[in-house]
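Each reported figure results from applying straightforward, stated rules to the coordinates on display, with no laboratory input. None of the values given here were measured: they were computed from a predicted structure. Using ideal geometry, Cβ is built from the backbone for each residue, glycine included, and neighbour counts are taken over all protein chains shown.
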Amino acid sequence: MRRMRFTPPGYGGQRRDPEQVKREGWLEQGILAVAVDDPRLTWPERELVEQLGSRLYGPRPQGEVRHG
């Protein structure tokens, strides 16, 4: 007798940690996802991220919610 499944095969289970998703994106596809206020970055690094984001995607709205 088969158990009833509430999710399609291949779905469900453990969610990946967001940091793991970012790490794998960088290592496997060369995609970098960085929060502009990541505490691991120095001030010049945060400024560089802000400048790159503004150049590629336009300026962020004032009063934007920061990630903590």
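For the pair W43 and Q20, a Förster radius of 25 Å applied to the C-beta separation gives a FRET efficiency near 0.40, rounded to the nearest 0.05. Put simply, the Cα atoms of region 18-57 extend 26, 22, 13 Å along their principal axes, the longest span coming first.
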